[in-house]
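Notes to accompany the following structure.
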Amino acid sequence: IADIYIRYSYSKDELVSIGRPVIYSVVDSFSGMIVGLHVGFDSPCWHGASQALFNAMSNKVEFCRQYGYEIDESDWPCQEVCRELTLDRGSENTDSNITSLLRGQIGITVGNFNAYHRGDMKGTVEKSFDIIQSLAIPFDSGKVVKSPKKEDQHASRNSLYTYEQFMVRLIKCIIFTNNNRERVLSHNFEMSRDGVLFTSRSVWDWGLEQAILKPRVSTDRLRYALLPEAEATVRSQGVYFKGLYYNCNEIVRRGYLDRAKNIGRFKIKVRYTDISTNHIWYGDDESGELLQLDLTDRSEAYKNQIWANVMRRQEIVKEQLAILDESRFDARALLEMDIKQCDDAIRAESRHLKKSNAKGIQPGMKTLKHIEAVQQRHNEMQAIYADLSGADNREQAHRPAPQQSKQNLNDPTVISFQE
């Protein structure tokens with residue numbers, strides 16, 4: 001955590017602080033070259049650590065240009081993928097995150113962890129933090145001191161730099177450190193023979209000349225490898241991941257959903273980001289192709305959300321469904337009791353009716369069904385006339401029909417209102 005408070009850049013009337021940022025640093029253990037950097041305001045997490053690793057393996061010219069600072073590629077020539085990575089025992093550096101990084105197949109083959117409670121095992125990084133903070137953070141800019149005076153204002157009251165201004169200052173200090181920091185103990189016989197200077201930058205450049213480097217990894221492959229990995233289930237409705245459904249045209253074309261429907265569900269490894277639920281990514285190990293899966297309409301209610309909100313919402317839904325299940329059980333018991341009472345009343349009402357002992361189908365049902373249909377249509381048309389004719393003619397529309405003659409009773413479609 002940086003020993004400085006950052007000024008809120010959108011406050012125009014008053015000096016307001018937004019807190020102390022977290023600095024992530026990636027350092028080459030052989031040359032002492034600071035090859036990666038990330039500064040964020042989240043608590044230490046894998047997202048921030050992965051951003052620092054991405055910065056270590058990507059072009060620094062584009063990175064500095066984001067903050068309005070132009071450099072040459074030779075000023076910070078660090079964009080190579082390392083073969084071995086050593087991390088401290090921070091809560092963000094979990095086994096699953098490192099395993100997913102190695103499975104990304106970008107060139108990193110070994111992931112190490114330092115021993116617990118052994119700060120001397122990461123002295124290179126800690127010393128780099130000390131050098132950077134002593135250079136980049138002046139005393140009168142909201143700097144945090146270990147033993148402040150009681151009469152002094154809190155450091156947050158004197159914040160000077162905005163985030164962008166602090167980043168530019170930090171980048172300048174890193175470039176200065178890389179090009180001027182002495183590395184005497186890193187020199188060997190070959191370096192002395194080749195006239196390598198005693199700076200981190202010189203040792204780094206000499207190491208790149210002597211190394212056999214793999215082709216540089218594309219940005220999308222690098223981003224994919226640094227995302228956390230998890231299991232998803234392919235179902236007939238889509239790819240089911242953490243309670244949400246995803247899909248894309250390529251998944252459908254390959255027949256994944258048909259296979260899940262006809263043969264059975266199966267698991268795949270996907271990558272995701274905790275910032276948004278809109279997309280997940282699937283990497284085909286055979287073809288090396290990266291597929292982006294989008295959130296389907298089935299899970300549209302969780303669109304443009306962070307996963308923390310989704311997990312909370314799903315717990316609320318589970319609670320609501322449990323309450324609904326209990327209420328449905330009570331309502332079903334009441335319904336069964338009500339239906340039983342109605343059935344008993346109907347049986348008592350029809351008990352006096354004569355019941356035939358014949359086993360065949362009852363005759364005359366077709367005629368009676370037709371009569372009932374005509375009568376039902378007549379009643380419905382009377383209701384339509386009443387609604388369309390207005391309040392004045394409503395009584396006339398419901399007036400009983402006149403008594404039909406006896407000869408019309410032979411036609412089952414002609415029925416008097418009384419009948």
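The values are calculated or read from the model by the stated rules, or taken from the named source; none is laboratory data. Note that the coordinates shown come from a computational prediction; the quantities given were computed from them, not determined experimentally. Cβ placement follows ideal geometry from the backbone for every residue including glycine, while neighbour counts extend to all protein chains displayed. Ligands, DNA and RNA are excluded from the accessible area calculation, which covers all protein heavy atoms including side chains. Shrake-Rupley method; radii C 1.70, N 1.55, O 1.52, S 1.80 Å.
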Net length gained if the chain between Ser389 and Phe113 were fully extended (0.36 nm per residue, minus Cα distance): 90.8 nm
Highest-first arrangement of 273-284, 210-221, where packing means the average Cβ count within 10 Å: 273-284, 210-221
Calculated [θ] (222 nm, deg cm²/dmol) that DSSP helices of n ≥ 4 give over the chain, each run adding -39,500 (n - 2.57): -12500 deg cm²/dmol
Probe 1.4 Å, accessible area per residue of the chain, Å²: 66
Separation of alpha-carbon centers, the stretch 54-108 and the stretch 309-373, rounded to whole Å: 66
Ser9-Gln66 pseudo-label distance in nm [points 7 Å out on the Cα-to-Cβ vector]: 1.2
Cut-off under 5 Å, modelled amide H: who pairs with Thr86 long-range: Asn112
Which listed pairs, of Lys143/Lys303; Lys60/Lys146; Lys60/Lys127; Lys269/Lys303, have C-alpha distances above 30 Å, in listed order: Lys143/Lys303; Lys60/Lys146
Max mean-square fluctuation residue, GNM over the chain, Cα-Cα springs under 10 Å, options Ser43, Ser128, Ser350: Ser350
Heavy-atom accessible surface of the chain: percent carbon and sulfur, 1.4 Å: 51
Only Lys, Arg (+1) and Asp, Glu (-1) charged, at Cβ; the chain dipole about Cα centre in debye: 1200
In nm, spacing of pseudo-spin labels at Leu335 and Met381 (7 Å Cα→C-beta vector): 3.7
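Out of the stretch 255-308, which GluC sites (Glu not before Pro) are coil in DSSP terms and have no more than 14 other C-beta atoms within 10 Å? The partial results should precede the final answer.
Values: sites: Glu286, Glu289, Glu300; in loops: Glu286, Glu289.
When the GluC sites (Glu not before Pro) of the stretch 255-308 are filtered for loop state and at most 14 Cβ neighbours within 10 Å, Glu286, Glu289 remain.
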